[in-house]
1. Compute the separation of the alpha-carbon centres of the range 212-247 and the range 451-485 and state it in Å as a whole number.
2. Can you tell me what share of the DSSP beta bridges in the chain is antiparallel? A percent to the nearest 5 is fine.
3. Would you list the membrane-span-like helices of the chain, meaning whole DSSP H runs whose alpha-carbon atoms span at least 27 Å along their axis and whose mean Kyte-Doolittle value is at least 0.5?
4. What GluC sites (Glu not before Pro) does the range 16-102 have in DSSP loop regions with at most 15 other beta carbons within 10 Å?
5. Counting other Cβ atoms within 10 Å, which trypsin sites (Lys or Arg not before Pro) in the range 236-320 have at most 11 and lie in a DSSP loop?
6. If each DSSP helix of 4+ residues adds -39,500 (n - 2.57) and the sum is divided by the residues in the chain, what number results at 222 nm, nearest 500 deg cm²/dmol?
7. Compute the Cα gyration tensor for the range 71-180, then decide on rounded, prolate or oblate, letting a ≥ b ≥ c be the square roots of its eigenvalues: rounded whenever a/c is under 1.5, prolate when a/b is larger than b/c in the other cases, and oblate in all that remain.
8. Treat every Asp and Glu Cβ in the range 129-250 as -1 and every Lys and Arg Cβ as +1, leave all other atoms uncharged, and give the resulting dipole magnitude about the Cα centre to the nearest 20 debye.
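Each value in this text was obtained by applying a stated rule to the coordinates, not by laboratory testing. Remember, predicted model here, so these are calculated numbers, not experimental data. Methodologically, a virtual Cβ is constructed for each residue, glycine included, from the backbone with ideal geometry; neighbour enumeration extends over all protein chains shown.
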Amino acid sequence: MSKKNENPLDDRIIKLQKDFDNAFDNKDEKKIEKLINKAINSFNNKDLNVISIASLYYSIANGYSDLITLSNSGSNEKIIEKIIYFYRKSINIIKEYDYTYEEKQYFLGLMLSLYTNYANILSTIGRTIEAIKYFKIVLTLDDSFAMAMGNLGISYMTYSNIIYDKGHKNILNYFSYHYLKNSIENINEKIDKGAKEMFMYYLDLYDTEYIEKFLSQKLDIPRHSLGMSNAEKNYRNWCLENNLFLNPMNDLPIKENFIASDIVHLPDITMSVKKNINYKFHIMYNNLKEEFISSRFLYYESLEPNYKTHYSDRDVYLTNNLDNAMHSVRIEKLKSSFKLLYSILDKSSFFLNEYYNLNINENEITFRNLWESSKECNLNILPYVNNYGLNAIRWLYKDIFVNLHKSPNPHSKILHTLRNALEHRFLVVTNSLTLNEDLEEKGNIWYISEKNFQNYTLELLHMVRELLIYLVISVNISENEKKKSYKRGFIPSINADNYEDEWKI
């Protein structure tokens, strides 16, 4: 296998990538399909190194993306699933590989394009929050990478358009404007054909007066306390750093104290009060939020052992089974966090069933059959086609519940297995790093290392945070549509007071 200029990428993969580029330039869909099959068969070459394998997955995803572009079939979900799946396969390989200093420039080049393209496909399916996360990762690798800057600007503009808080809209637009402006200044038009025109189109959507009076001015950052005690400050700083506040501002590229609050809640909801005043949707969302906040805090408390046995664990007789098992209230907090997060999925489905009048029997409602039953049974169907928030939730469902080989998320099977083991079987968390796989079954008992379990729980935390924000967005879109169709000119309002912090005892 020959090498040129010390490039660790296999020559066969380099040629394959050039063939993909030529086929796309020639608008040759059949050639692209043949190249995809050739690329998939290339995994049989056992002498491929890590960057070549990661690049191969990346090229396959790009090939499918080119097919969508050429055929104008942006709604072809089966192809989109494949694109996401292959991008993630590439990302997972890169995350796990400890590349050398000499290899860094080649891996960096792949990561910039890979993460940007992956974020773009996430934006296409409505998962703006996750897309923003990956655009920001790109800019930590190269803060002048124009394609990530411009597309991040578009994502912030989209986010602004789908939330209802006017203050948040303005701040998101502020960052959108500056990212779009900077991307145009940094764009390489020879490489990124047409990107400058696209970013200028979005930039021109902001009117001159708005730019002069707000977007081009210095942003006035509100001041906010992180709390009185060091313990509270540490906790809130951790939430900020991990983007875990139920607050669209926690998706900004800044970490300011004013963001450290779980401000997201349902908008005003129009409903009949012929029988009585009913706050049921706000009551449901209160419960969903509090369960998320509690699971987040349980996870936080489980992260750092204080190396002292908790008093609740003293004088508890257990046998040492030589399996490296970890038994403590701290580990049970980690398990409880995962279980509580997973239960929010089904409870959010109950909310959607009620709000959208799907008529699914309440004893049969789960996050899975919310979508599957709506398609297969004679029931109302969630109006996800014209609802950005609902469509994003639907893709979250695919992430967690679609079978592994069809799923855009290679981790979906593990998340499902963990939940079943916690609820119906036995899960042993170990301090061992010698397990052969992320999750292993031995004698009908599942084993996982503490580090891996923490990572999967954190992944689920981010998914549920997304879900709860998209839930609010979906309701806001529906309520705006409802108001447009309402015949009467005046809709009386009934205020609901805040639930004071002093009552939370």
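1. One Cα centre to the other: 21 Å.
2. Approximately 55 percent, going by the DSSP bridge assignments.
3. 50-71
4. The qualifying sites are Glu102.
5. Lys274, Lys275, Lys308, Arg314
6. -19000 deg cm²/dmol
7. It comes out oblate by the Cα gyration axes.
8. Computed about the Cα centre, the dipole is about 300 debye.
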